[in-house]
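Data first, discussion second: the structure below is written as structure tokens.
Read the figures in this text as sums done on the coordinates, not as results from a lab. Note that the structure is predicted; figures quoted are calculated from it, not measured. We place every Cβ from the backbone using ideal geometry, glycine too, and count neighbours over all the protein chains shown.
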Amino acid sequence: MVKPVANVLFDLGGVLIDWNPEYLYVKLIPDEGERRFFLTEICSQKWNERQDAGRLFAEAEAELIDKHPDKKDLIEAWRLRYDETMRGPIDGSVALLKDLCAACIPVYALTNWSSETFPAAQARFDFLTWFRGIVVSGDEKIAKPDPRIYMLAVERFGLDPEETLYIDDKDYNVEAAKKLGFYGHCFTSPEKLKAELLELGLLKKERTPHAHTCCR
């Protein structure tokens, strides 16, 4: 018998927060070709993923500055001006999070994020306080799609994967969750996510008057 979904586990960047290093570096490197080279060959996705997995920026920056001393200021800007990599909330998704909270659906978060830059998001986005718990990869030194971090969330929050919807904008992270028994939704838009939440019975078609925090 298929279990009904009772909990929702959210990714943050790309689902609830519009994050992209382009938002900062378009100001610092106006030339598109130079900017593309910097973000693919110097401060690359793989470089950033190591901070998500627990490496500190002191080590990360030193490694790059040693190879590219002329880019020192640009490399350090990633950390020093991190707030500018976050355009803002993805409003439609935040509205759905609020509706889930009002419906007393337990909501949690599992994010790949550096422990050193996540406080910038916490200071800026009040909706991060609505979650019953958040697992930050940089704190745990394990990052998605490693199955261990999903199971850490399961154990810490007392979740049954078969009763939990996992939402992420990266298909490989969703597939990793599904292999562990989660329901999975690869986020592409708030509208498609809303349709999924309605289909699973987590939201009703009639809007519930909302509270700003989850029922406890």
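Phi angles of the range 187-203 translate, via the Karplus equation with coefficients 6.51, -1.76, 1.60 and θ = phi - 60°, into HN-Hα couplings of 6, 10, 6, x, 5, 6, 5, 4, 4, 5, 5, 5, 4, 7, x, 7, 10 Hz per residue; Gly and Pro are given as x. Among L16, L197, L28, sorting on how many other beta-carbon atoms sit within 10 Å of each Cβ, with the fewest leading, yields L28, L197, L16.
Here the gap between I65 and E34, fully extended at 0.36 nm per residue and compared with their Cα-Cα distance, gives a gain of 9.4 nm. Backbone phi angles across the range 125-142, fed through the Karplus curve with coefficients 6.51, -1.76 and 1.60 (θ = phi - 60°), yield HN-Hα couplings of 10, 4, 5, 5, 7, 6, 6, 6, x, 10, 9, 10, 4, x, 6, 8, 6, 9 Hz in residue order; Gly and Pro are listed as x. Along the axis of the charge dipole computed for the chain (Cβ charges of +1 for Lys and Arg, -1 for Asp and Glu, origin at the Cα centre), the listed residues F187, A102, F57 are led at the positive end by A102.
Of the beta bridges in the chain, as assigned by DSSP with both residues counted there, near 15 percent are antiparallel.
Neighbour counting of Cβ atoms within 10 Å sorts the residues C104, C186, C43, fewest neighbours leading, into C104, C186, C43. Straight-line cross-link reach from K3 at under 30 Å between alpha-carbon atoms covers these lysines, not counting any fewer than eight positions away in the same chain: K98, K144, K170, K178, K179, K192, K194, K204, K205.
Rounded to whole numbers, the Karplus 3J(HN,Hα) couplings from phi for the range 19-30 are 10, 6, x, 4, 4, 7, 6, 5, 7, 8, 10, x Hz, using 6.51 cos²θ - 1.76 cosθ + 1.60 with θ = phi - 60°, and x at Gly and Pro. Straight-line cross-link reach from K46 at under 16 Å between alpha-carbon atoms covers these aspartates and glutamates, not counting any fewer than eight positions away in the same chain: E22, E59, E61, E63, D146. The mean sequence distance of close C-alpha pairs (under 8 Å, at least 6 residues apart), as a share of the length of the chain, puts its relative contact order at 31 percent.
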